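Q: Quick one: the structure is below, questions incoming.
The values are calculated or read from the model by the stated rules, or taken from the named source; none is laboratory data. What you are looking at is a predicted structure, and each value in this text was computed from that prediction instead of being measured. Cβ placement follows ideal geometry from the backbone for every residue including glycine, while neighbour counts extend to all protein chains displayed.
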2 protein chains.
Amino acid sequence: MKKFKAGLFGLGVVGSGVYKALQQNGKYGISIEKIAVKNIDKKRDLELPNGILTTAAVEILDNTDLDIIIELINDPEEAFSIVKKAFKKGKSVVSANKKMVALYHKEILELREKHGVKFFYEGAVCGSVPILRLLDQHYKSDQVNSIKAIANGTCNFILSKMVSENQGYDLALKDAQDLGFAELDPYSDVSGEDTRFKLSIMIYHAFGLFIHPNEIPLQGINYLDENIKDFAQKHHLKIKLIGEAQEVNGKITAKVEPQLVNESHDFYNIENEYNGILVDAVFAGEQFVKGKGAGSFPTALAVLSNLKDLKYDLAVAKIAKKEIKSYSKNSKTEIYFIAGFNDNFNFQGLEVLNKEEGYILAKGQFDYLEELKKGNPDLYWVQLSENIFEELVNQEALI
Amino acid sequence: MKKFKAGLFGLGVVGSGVYKALQQNGKYGISIEKIAVKNIDKKRDLELPNGILTTAAVEILDNTDLDIIIELINDPEEAFSIVKKAFKKGKSVVSANKKMVALYHKEILELREKHGVKFFYEGAVCGSVPILRLLDQHYKSDQVNSIKAIANGTCNFILSKMVSENQGYDLALKDAQDLGFAELDPYSDVSGEDTRFKLSIMIYHAFGLFIHPNEIPLQGINYLDENIKDFAQKHHLKIKLIGEAQEVNGKITAKVEPQLVNESHDFYNIENEYNGILVDAVFAGEQFVKGKGAGSFPTALAVLSNLKDLKYDLAVAKIAKKEIKSYSKNSKTEIYFIAGFNDNFNFQGLEVLNKEEGYILAKGQFDYLEELKKGNPDLYWVQLSENIFEELVNQEALI
C-alpha cells in the first residue's frame, strides 16, 4: 500500500495528539512532512525535526509531494480558505473543525465533488464517538427516524457538577475552565451554539438535508439557576443539554435545549466530558453510543481513523441531486417545561400547571417561549418529557 | 454503479427481513434472484415470484450471473460448505452465522484471501450493533485494551425478568420461549455457548488473534437460583451474562460468566433483548454501544449494511502473517463471587467471606471453581467486581 505524506495545519491539543500518534507508530503508513503554525517559536511539548514548522500555508498547499491535508486550526474562515485551496490542488482533507463544516457544509461537499477529492471530518462531531461513520455506513441501509445527542462535553461537565455535586453554575463553570474543559470565553459552549453546529452536521448525515445552524431553535444552559438544580435533585432527575432532530413524513424538525431525564434514560449516566447519541431507525430500533466527546487523543483518534479511510479509499456517497425532504423550523409542538422567571413575568399564553417560588411548571410552544424571552431576559426553561411529567403528577410532586 | 445480483440461502426470520427490504426499496441496488430453501412448499408470509425458490444449492452456486451469496441458514457445517463453494466460484459472501464464523474463522478468512473474494458477517455478532465495523475501521487506528459484551438477548431477557420482574428462572425461560426470544432447546443460549461464539469472533477483530471458542472459560445462567436473584434484588444489583476479553502486555485472556453490576455501570440499563458492548482503548478511553441484539429487522440491517459494503468495495484488512499476541487460558486471577451450593459442598481452597443459607460470598480462581463444579454439579457462581464487594462491605451487608 502506498505510503501517504501529509501536511498539517495547526499544532494545538488535537494536532499534537495526531502528530505524536503518527510518529510513534508506523502502523498508520502516513507521515506528516510539514506543519503550518502561527508562531514557530512557541514552546511545545513535542520533539520536532528541524524545519518541519512553517508559517507559510503555501509551503504545504503548493507542495506536490503531499497527498493529504490535515486541517486542525480554530478559525472557521481561515480553515475554509485552506480547504478550498487544498481541493483545487487535488488534495484530500481531514478536518475536525465543526464550525467550518456546519457553516459551509454544502459548499464544501460540492467543491469536494467538483474537484474529485475526499473530505472526512469525524473529529468535528463528538470527539471519539464515530457517529458520522455510523450514519454514513450502517444507517445508510436503514431509515433514521430521530437522533438525539449530548454533544458538548463542557455543558455536560457543568451540568454534572451542578446536579451530582451540588455546585452553583458559576463555580461549575470555573471548575470546567480550571480543568481545561471550557474556554476562557465559554459562550459558544454554554449558549448551545456548539451543540447546534454538531447537530446541523449530523442532520445532513442522518437525513441528507443541509440545515444552516441558525435555522435551529436554541436554548443554552447559561441561564440555569439554583431553583432548577434543586428541582432536579429533589426529583432524582438530571439536566442534560440535548440537540435533537426528527423526521415525520419527510419533514425534519430540530432544536437544542436543556432537558430533564430520569434514571431509565440512556442519557442519565452520561457524566462530565462524555457525549452520547441515541439514534432511532426503522430496522435497528433504538441504538445508543457513548464516548469521550473531546480531548487530545479521543479527537485525534477520529482524525486518525479518517486518515485510514483515505488510505483505504473509502467510498463516499454523492450529494443527493434533489432534496426530497424539507426542513421546517417548527417549534409549535407543545412541550412541558419548567421555567425560571422574575416578578415582572407575564404568564399569558402559557398553561401554568404549577407555580412555586422562582419557577413555574407549564406547557407551551418553543417559539412562544423564544418570543417571551425577548421581553424577559431572565426567562430560561428546561424541557420535561411527558413521561417525567406524568411521573411527577403520580408522585403528587406537582399538586 | 453496477446493480448486483444475489443468491440467498435460508428464508427464515432474518432471510425474510432481508428479502423484504431489498424488494421494497430500490435504494440498495441489489436484487435477490434465487433463494435456496429446505422445503419449497412451506407456508410463508411473503410474496415470491414464481420459480425463485429452489432446493438445489448448485442452482445458486453455479449461476455465473450471481455476484453475491447471502448465507442465512442455521447449520454451521452446511453453511461452511456453501461458503467454501461460493469462494471457489469467485463469489463474495455475507453471512450472519455466528457458529460457523466462530468455529471456522481462520479457515474462512484464509480461503477468502486465497480466492480474492470478500466476506462480511456483521449480523453474526449482536444483531444491529455494528461492533465489527467499529473494530475494523474506528478502532484499527487505536489499540483496544478490553472488550466486554452482553451479547445474548435470550439470557438478558431471562435475567431482566428474574431480577426486575421477580420471576423464577423456569418461568422467565418459558416467557422467553413464548415470545420467540428463546429456542425450544435453549441450551446454546443459557449455557453461555452463544456468547462465547460471539466473543471469539470479536477477539479477532479487536486483537487480531483467532481463539477457538472452546478455549474460553465459560459459565452460563442455567444454574442460577432464587437465592442469587434475591441477593441481587436486595442490594439493587442486576445480573448480566458478560463475555469479556482483555490484553495485558500482549497476552489476551477471556471468559464468559454471569456478573453483578450496579446502577452506575453502563450495563445496568440494558434490559430484555438488548445487547451492549463496552470497549476500552488507549486513545478513545471507554466507549459504549447498545442496541437490539436479535430479531428479523435488526439483524437484517447488519446484513444489508454488509451488502452495501460489497457494493462500495469496502477495503478489508489482511490477516496478520504472524500473530504477535498470544492467548492464555488464564483463569488464575482471583475473583469475588457469590455462589450457590448444596450441603455436600466442600469449601476447601476458597476464601469464604460470608455464608448465608443457600449461598456463600467468597474469593477464588475461575479455574478452581470450574474444577469444583465437576464434583458439585449444583455449584454456580456470579462474579462481583471489587467495587461492588467494597460497597457491600461498607453497607455492612456482608457482616
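Q: Considering the stretch B:89-117 alone, what residues qualify as being buried (at least 19 other Cβ atoms within 10 Å of the Cβ) and among the charged types (D, E, K, R)?
A: B:Lys91, B:Lys98, B:Lys99, B:Arg112
Q: May I ask you to list the residues in the stretch B:255-277 that are more than 30 Å from A:Leu304 (Cβ to Cβ), among the acidic types (Asp, Glu) and surrounded by fewer than 24 Cβ atoms within 10 Å (Cβ to Cβ)?
A: B:Glu263, B:Glu271, B:Glu273
Q: If A:Glu122 passes every condition in (1) surrounded by fewer than 23 Cβ atoms within 10 Å (Cβ to Cβ); (2) in contact with a Pro (Cβ under 9 Å, 6 or more places away or on another chain); (3) closer than 20 Å to A:Ala317 by Cα but one, which one does it miss?
A: Status for A:Glu122: all satisfied but (1).
Q: Now, a different point. Of everything in the stretch A:120-137, what is facing chain B (nearest Cβ under 9 Å) and in contact (Cβ under 8 Å) with a residue 12 or more places away in the chain? Give them in sequence order.
A: We begin by selecting, within the stretch A:120-137, every residue facing chain B (nearest Cβ under 9 Å); these are A:122, A:127-130, A:133-134, A:137.
Across the stretch A:120-137, the qualifying residues are A:Glu122, A:Gly127, A:Ser128, A:Val129, A:Pro130, A:Arg133, A:Leu134.
Q: I've got another one for you. At least 3 residues that are surrounded by fewer than 20 Cβ atoms within 10 Å (Cβ to Cβ) and more than 9 Å from chain A (Cβ to nearest Cβ) in each: list the strands (runs of 3 or more DSSP E) lying fully within the stretch B:278-384 that qualify.
A: On the way: elements: B:285-292, B:334-340, B:351-356, B:359-365, B:380-384.
By residue number, B:351-356, B:359-365.
Q: Also: Mind checking which residues of the stretch B:241-277 are more than 13 Å from the chain's Cα centre (by Cα), small (Gly, Ala, Ser), over 20 Å from B:Leu209 (Cβ atoms) and in a strand (DSSP E or B)?
A: Matches in the stretch B:241-277: none.
Q: Among all residue pairs at least 6 apart or on different chains, which show Cβ distances below 7 Å where the first residue, located in the stretch A:240-268, is more than 14 Å from chain B (Cβ to nearest Cβ) and the second is surrounded by fewer than 17 Cβ atoms within 10 Å (Cβ to Cβ) and among the hydrophobic types (A, V, I, L, M, F, W, C)?
A: Close Cβ pairs satisfying both conditions: A:Gly250/A:Ile324.
Q: Next up: Please state which one of A:Ser141, A:Ser164, A:Ser188, A:Ser92 is over 27 Å from A:Ala281 (Cβ atoms) and within 14 Å of chain B (Cβ to nearest Cβ).
A: On the way: A:Ser141 fails: over 27 Å from A:Ala281 (Cβ atoms); A:Ser188 fails: within 14 Å of chain B (Cβ to nearest Cβ); A:Ser92 fails: within 14 Å of chain B (Cβ to nearest Cβ).
Result: A:Ser164 is the single residue among A:Ser141, A:Ser164, A:Ser188, A:Ser92 that is over 27 Å from A:Ala281 (Cβ atoms) and within 14 Å of chain B (Cβ to nearest Cβ).
Q: Determine the pairs where a residue that is surrounded by 22 or more Cβ atoms within 10 Å (Cβ to Cβ), located within the stretch A:213-239, has a partner that is among the polar types (S, T, N, Q) with Cβ atoms under 7 Å apart, the partner being 6 or more residues away or on another chain.
A: What qualifies is A:Pro213/A:Ser200; A:Ile216/A:Ser200; A:Gly220/A:Ser191; A:Leu237/A:Asn262.
Q: Could you tell me which residue of the stretch A:53-80 is surrounded by the most Cβ atoms within 10 Å (Cβ to Cβ), considering only residues that are outside any loop (DSSP other than H, G, I, E, B) and within 22 Å of the chain's Cα centre (by Cα)?
A: Quick first cut of the stretch A:53-80, residues outside any loop (DSSP other than H, G, I, E, B) only: A:53-54, A:58-61, A:68-71, A:76-80.
Filter again for within 22 Å of the chain's Cα centre (by Cα), leaving A:70-71, A:76-80.
Values: A:Ile70: 27, A:Glu71: 25, A:Pro76: 17, A:Glu77: 11, A:Glu78: 17, A:Ala79: 24, A:Phe80: 21.
Going through the qualifying residues, I end up with A:Ile70.
Q: Could you check B:Lys34 against (1) in a loop (DSSP other than H, G, I, E, B); (2) of a type in the set (Lys, Arg); (3) surrounded by 10 or more Cβ atoms within 10 Å (Cβ to Cβ) and say which number it fails?
A: Only one criterion in (1) in a loop (DSSP other than H, G, I, E, B); (2) of a type in the set (Lys, Arg); (3) surrounded by 10 or more Cβ atoms within 10 Å (Cβ to Cβ) is unmet by B:Lys34, namely (1).
Q: Something else about it: Do any helices (runs of 4 or more DSSP H) lying entirely in the stretch A:146-224 carry at least 1 residues that are touching a strand residue (DSSP E or B) at 6+ places or on another chain (Cβ under 8 Å), and which ones are they? Outline the logic, then answer.
A: Values: elements: A:153-164, A:169-178, A:187-190, A:193-207.
Answer list for the stretch A:146-224: A:153-164, A:193-207.
Q: Pairs under 9 Å by beta carbon, first residue in contact (Cβ under 8 Å) with a residue 12 or more places away in the chain in the stretch B:101-117, partner part of a helix (DSSP H, G or I) and exposed (fewer than 13 other Cβ atoms within 10 Å of the Cβ), six or more apart or different chains?
A: Filtered contacts from the stretch B:101-117: B:Leu103/B:Glu77.
Q: Another question, then. Of the residues B:Leu224, B:Leu179, B:Leu171, which is of a type outside the set (Asp, Glu), farther than 30 Å from B:Ile319 by Cα and touching a Pro at 6+ places or on another chain (Cβ under 8 Å)? Let's see the steps before the verdict.
A: On the way: B:Leu179 fails: touching a Pro at 6+ places or on another chain (Cβ under 8 Å); B:Leu171 fails: touching a Pro at 6+ places or on another chain (Cβ under 8 Å).
Being of a type outside the set (Asp, Glu), farther than 30 Å from B:Ile319 by Cα and touching a Pro at 6+ places or on another chain (Cβ under 8 Å) holds for just one of B:Leu224, B:Leu179, B:Leu171, which is B:Leu224.
Q: Can you tell me how many residues within the stretch B:321-335 are within 27 Å of B:Leu350 (Cβ to Cβ) and either touching a helix residue (DSSP H, G or I) at 6+ places or on another chain (Cβ under 8 Å) or free of Cβ contacts under 8 Å to residues at least 40 places away in the same chain (or both)? Quick ask: steps written out before the conclusion?
A: Restricting attention to the stretch B:321-335, the residues satisfying the condition of being within 27 Å of B:Leu350 (Cβ to Cβ) are B:327-335.
So of that shortlist, the ones also either touching a helix residue (DSSP H, G or I) at 6+ places or on another chain (Cβ under 8 Å) or free of Cβ contacts under 8 Å to residues at least 40 places away in the same chain (or both) come out as B:327, B:329, B:331-335.
Qualifying residue count, the stretch B:321-335: 7.
Q: Exactly one of these conditions fails for A:Val117: (1) away from chain B (no Cβ under 13 Å); (2) under 14 Å from the mean Cα position of the chain (by Cα); (3) outside any helix (DSSP H, G or I). Give me its number.
A: (2)
Q: Another question about this same structure. Could you grab me the full set of residues in the stretch B:132-159 that are small (Gly, Ala, Ser) and buried (at least 22 other Cβ atoms within 10 Å of the Cβ)?
A: B:Ser141, B:Ala149, B:Ala151, B:Gly153, listed by residue number.
Q: Just give me the residues in the stretch A:1-12 being surrounded by fewer than 23 Cβ atoms within 10 Å (Cβ to Cβ), more than 15 Å from A:Glu47 (Cα to Cα) and either within 14 Å of chain B (Cβ to nearest Cβ) or within 26 Å of the chain's Cα centre (by Cα) (or both), in sequence order. Walk me through how you get there before you give the answer.
A: Going residue by residue through the stretch A:1-12, those that are surrounded by fewer than 23 Cβ atoms within 10 Å (Cβ to Cβ) are A:1-5, A:12.
When the remaining residues are screened for being more than 15 Å from A:Glu47 (Cα to Cα), the result is A:1-5.
A:Met1, A:Lys2, A:Phe4, listed by residue number.
Q: A:Leu11 versus (1) in a loop (DSSP other than H, G, I, E, B); (2) among the aliphatic types (A, V, I, L, M); (3) over 23 Å from A:Gly127 (Cβ atoms): which is the lone unmet condition?
A: With (1) in a loop (DSSP other than H, G, I, E, B); (2) among the aliphatic types (A, V, I, L, M); (3) over 23 Å from A:Gly127 (Cβ atoms) applied to A:Leu11, the lone miss is (3).
Q: Okay, next question. Could you give every pair whose Cβ atoms fall below 6 Å, whose first residue belongs to the stretch B:18-37 and is more than 14 Å from every other protein chain (Cβ to nearest Cβ) and touching a residue at least 12 places away in the same chain (Cβ under 8 Å), and whose second residue is part of a helix (DSSP H, G or I) and surrounded by 20 or more Cβ atoms within 10 Å (Cβ to Cβ), counting only separations of at least 6 or pairs across chains?
A: B:Ile32/B:Tyr19; B:Ile32/B:Leu22; B:Lys34/B:Ile60; B:Ala36/B:Ile60
Q: Cβ-Cβ distance below 6 Å, separation of 6 or more or different chains: which pairs start in the stretch B:367-388 with a residue that is modelled with pLDDT under 80 and end on one that is not hydrophobic (A, V, I, L, M, F, W, C)?
A: From the stretch B:367-388, the pairs are B:Asp378/B:Asn342.
Q: Here is a follow-up. Looking at the structure I just gave you, is B:Ile35 outside the structural domain of B:Leu209 (by TED's automatic domain parsing), more than 22 Å from the chain's Cα centre (by Cα) and at pLDDT 95 or above? Break it down stepwise before answering.
A: Details: outside the structural domain of B:Leu209 (by TED's automatic domain parsing): yes; more than 22 Å from the chain's Cα centre (by Cα): yes; at pLDDT 95 or above: yes.
Yes, satisfied.
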